[in-house]
Amino acid sequence: MKHEYKETGNHSNVIEFLILGFSEFPELQIPLFTFFSILYLMAVLGNLLIICIVCVDRHLHNPMYFFLANLSFLDITSVTVTMPKLLAILLAQNNTISFNDCIVQMYSFTALVEVEFLLLTAMAYDRYVAICNPLRYPIIMNAKVCALLAAASWIAALLETLPHAIIISQFSFCNSSVINHFFCDFTALVKLSCTDTTIIDTLTFVISAFSVFTPFLLTLTSYVFIISTILKIHSKEGKSKAFSTCSSHLTVISLLYGTLIGVYVQPNSGDSAKSNKLPTAIYVVTLPLLNPLIYSLRSKELNVALKKAISRKSVL
């Protein structure tokens, strides 16, 4: 396949990239398409259901479910950034993507990952106030505060990851246009560039330290206080009730950080990008699928609301 380049200065800048996807498994293209299509559809429908239930049921109009609806919207958005292109590659071998679309996809994916960190941190703070300061909970976590926390999570993440996209969009890629991944991954693009990556490497380190470790430390601090408060409750029933209100969030947090470490924290090797593709694809599509399942299975209020919605439909 012929790829287009434009000459600027001493380098040739790529006009479009070729995304390899899972081309190393030619016999598995249709099975993989079917597998990821089902997971994608389930993830979108599951999160849409959560949003609809939270919006319709007045009993769920509280901070915890407001943030859950935000998380569901985020999950739909994040999985839609990467999955449709992967499905097009698997089904129709539509492997090319324009330079601008590639940068937009990379920016969207990294920004949405950061939004998830920040939203889950806001949810940890919500659980901290609910358990450690229950009498003042309605005052502290009022509608205005919740809206500000959600808006701040989105705005901060979108602004924080913007410098990466701007800098990479100015990079020269010489004659390298083949991305050995299933989407325009940040690391894959940096490896392809023939521009000095010192600035972007330093920026990535600084921003990562702030955007990943700060939410992690805030979440950890919240749960130190939460667990300390729960342990002071004398009755087993009281402890169980208090823990049940944050168990879903704790499970989602553990899955997010655990899978990210498993996928991205690996020894550098020539085959690392190749071996990373399938685990990354599963991470990208299964986390948005698991989030609504975890909350619906562990939340009694959400279970009741779902049963009410189903019973209404069966009556109609």
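Give the dimensionless ratio obtained when the Cα radius of gyration of segment 22-75 is divided by 2.2 N^0.38 Å.
Output field value: 1.64.
In the structure displayed, which of LYS85/LYS241; LYS85/LYS144; LYS85/LYS308; LYS85/LYS191; LYS85/LYS300 lie more than 32 Å apart, Cα to Cα? Don't skip to the end; give the middle numbers.
Details: LYS85/LYS241 43 Å; LYS85/LYS144 38 Å; LYS85/LYS308 37 Å; LYS85/LYS191 21 Å; LYS85/LYS300 37 Å.
From LYS85/LYS241; LYS85/LYS144; LYS85/LYS308; LYS85/LYS191; LYS85/LYS300, over 32 Å: LYS85/LYS241; LYS85/LYS144; LYS85/LYS308; LYS85/LYS300.
Could you sort LEU68, LEU278 by their accessible area in this structure, using a 1.4 Å probe and putting the largest first?
Per-residue accessible area, sorted high to low, gives LEU278, LEU68.
Using amide H atoms built in the peptide plane, which far-off residues or other-chain residues are under 5 Å from SER172 H to H?
Hits under the 5 Å cutoff: CYS194, THR195.
Relative to the present Cα-Cα distance, how much length would full extension add between LEU49 and LEU162 at 0.36 nm per residue of separation?
Details: separation 113, 0.36 × 113 = 40.68 nm, distance 3.12 nm.
Separation in residues times 0.36 nm, less the Cα-Cα distance, equals 37.6 nm.
5 Å is the cut-off here: which amide hydrogens, built 1.01 Å from N in the peptide plane, fall below it relative to GLU16, excluding neighbours closer than 5 in sequence?
Sorted by chain and number, the residues that satisfy this are GLU4, PHE99.
Report the full-extension gain for the segment LEU255 to ASN303: residue separation times 0.36 nm, less the Cα-Cα distance, to one decimal in nm.
15.1 nm
Given R₀ = 35 Å, FRET efficiency for VAL206-SER228 by Cβ-Cβ distance, to 0.05?
0.60
By accessible area of protein heavy atoms, probe 1.4 Å, what ranking do LEU162, LEU112 get, highest first?
LEU162, LEU112
Pop out the ³J(HN,Hα) list for segment 48-59 in order, Karplus 6.51 cos²θ - 1.76 cosθ + 1.60 with θ = phi - 60°, rounded to Hz; leave Gly and Pro as x.
Once θ is set to phi - 60°, the couplings for segment 48-59 become 4, 4, 4, 4, 5, 4, 5, 5, 7, 7, 5, 5 Hz.
I'd like to know how segment 1-155 sits against the 2.2 N^0.38 Å rule of thumb: what's its Cα Rg over that expected value?
Details: Rg = 20.9 Å, N = 155, 2.2 N^0.38 = 15.0 Å.
Relative to the rule-of-thumb radius for its length, segment 1-155 sits at 1.40.
Tell me the relative contact order for the chain as a rounded percent, counting alpha carbon contacts under 8 Å between residues six or more apart.
Numbers: 348 pairs, mean separation 86.7, N = 316.
Over the chain, the number comes to 27 percent.
Give me the angle, in degrees from 0 to 90, between the Cα long axis of helix 99-132 and the longest principal axis of the Cα atoms of the chain, rounded to the nearest 10.
20 degrees
For ARG127, ARG136, ARG58, give the ranking by accessible area with the largest first, probe 1.4 Å.
Largest accessible area first, the list is ARG58, ARG136, ARG127.
Using only Cα atoms, tell me the angle between helix 272-298 and the longest principal axis of the chain; keep it within 0 to 90° and round to the nearest 10.
The helix 272-298 is inclined about 20 degrees to the chain.
What number, rounded to the nearest 500 deg cm²/dmol, is the helix-based mean residue ellipticity at 222 nm of the chain, given -39500 (n - 2.57) per DSSP H run of at least four residues and division by all its residues?
The helix contribution divided over the chain gives -25000 deg cm²/dmol.
The values are calculated or read from the model by the stated rules, or taken from the named source; none is laboratory data. Predicted model only: the values in this text are computed from it and were never measured. With ideal geometry, Cβ positions are generated from the backbone for all residues, glycine too; neighbour counts draw on all protein chains shown. The protein model used for the area step is the full one, side chains on, heavy atoms only, and it has no ligands, DNA or RNA in it. Shrake-Rupley method; radii C 1.70, N 1.55, O 1.52, S 1.80 Å.
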